[in-house]
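We did not get these values from a lab; they are worked out from the coordinates using the rules stated. Since the structure is predicted, the reported quantities are computational estimates derived from the model, not experimental observations. Heads up, the Cβs are rebuilt from the backbone with ideal geometry, glycines too, and the neighbour counts pull from every protein chain shown.
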Amino acid sequence: RRQLRGVQAAGVSLEEMARELTVSYQAAEAGNRAKSQFMATMGHEIRTPLNAILGMVELLELDRPPQDTLAKVRTIRRSGEALLDVINEILDFAKIEHGKLELEERSVDLQSLAESSAEMMRGRAVEAGNKVEIDLPHRWRARWVHSDPTRLRQVMLNLMSNAVKFTQGGTVTLRMRQLLRKDQIWLRVEVQDTGIGISEEGRDKLFRPFSQVDSSISRKYGGTGLGLTICKEIIDRFGGRIGVDSVPGFGSLFWFEIPVEQAEGVSLEPAQSSS
Ligand code: ADP
């Protein structure tokens, strides 16, 4: 109000001010649209050749090359996958910024989703010298639910790959439960590690974009600082909550809870290996 009085005192009418604001808003909107378009094009231009490289590298691995060549091929594959992860994170963040992150809804088999995610984590964790523990319900209240399996898996993998990254020679545990609260079924997922842990002040900024607990130039762990921001956004879209409990030096427990609706046992997603 004080600013408005200042503007009026300077002889600018409210109509003029509203007109100027509209013009700048339209210019900003046009700029935003151009930026989104640029991000989408860039994503496609980078992802297409990168996927071709990764496809060829996988074929090379299947050719059973000599041991030392295989080690080099695997390094190329891991670096390519890491690059693809970074690009996907940047593109997801751009979608979030423009309110374009949308969830799909399908029938999801939680048992096979949990098992296939756990299997992926096992592969990565073992490479880092970690033990893996998986604790799944013996019986689900609702094994088939309506949800977005791709985004759900993305959050689980993100939490699990962080757990593996910040733990060396320890244990990473994936736990899943279903809770009943006022006739609503909730899915609770926990990813616990025995790694470096996070200080209280670090915990406050974890879910903010680009934040890393150690942001020094000499930091030991790589990453964009976007993973948890994207996880939080996805969980918000699900109408759920995400959080962390942690003791520095002893480990962290990341958890999320989302409401789920029971579904018929017919999967619309392509068959997933559950072994
Ligand atoms: P990134 O891992 O790409 O840096 P994230 O948003 O996934 O970005 O994580 C942000 C920061 O949170 C990490 O840089 C790290 O400092 C901290 N963090 C996340 N998960 C863990 C964990 N399991 N143990 C310790 N620190 C963690």
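Selection among 140, 130, 17 by position relative to the dipole of the chain gives 17 as farthest towards the positive end (Cβ unit charges, Cα centre). In this rough spin-label picture, where each label sits 7 Å from Cα along the Cβ direction, the residue 134-residue 88 distance is 1.9 nm.
Using just its DSSP H runs of length 4 or more, each adding -39500 (n - 2.57), the chain gives a mean residue ellipticity at 222 nm of -17500 deg cm²/dmol after division by all residues. Applying 1/(1 + (r/R0)^6) with r as the Cβ-Cβ distance of residue 52 and residue 28 and R0 = 30 angstrom yields a FRET efficiency of 0.20. The percentage of C-alpha pairs in the chain whose separation is greater than 29 Å is 46%. Rounded if a/c is under 1.5, else prolate if a/b is larger than b/c, else oblate: which is segment 1-139, with a ≥ b ≥ c the root eigenvalues of its Cα gyration tensor? Verdict is prolate for segment 1-139. Once C-alpha pairs closer than 8 Å and six or more residues apart are averaged by separation and normalised to the residue number of the chain, the relative contact order reads 19 percent. For the listed peptides 28-36, 242-250, a ranking on the average number of other beta carbons within 10 Å per residue, highest first, reads 242-250, 28-36.
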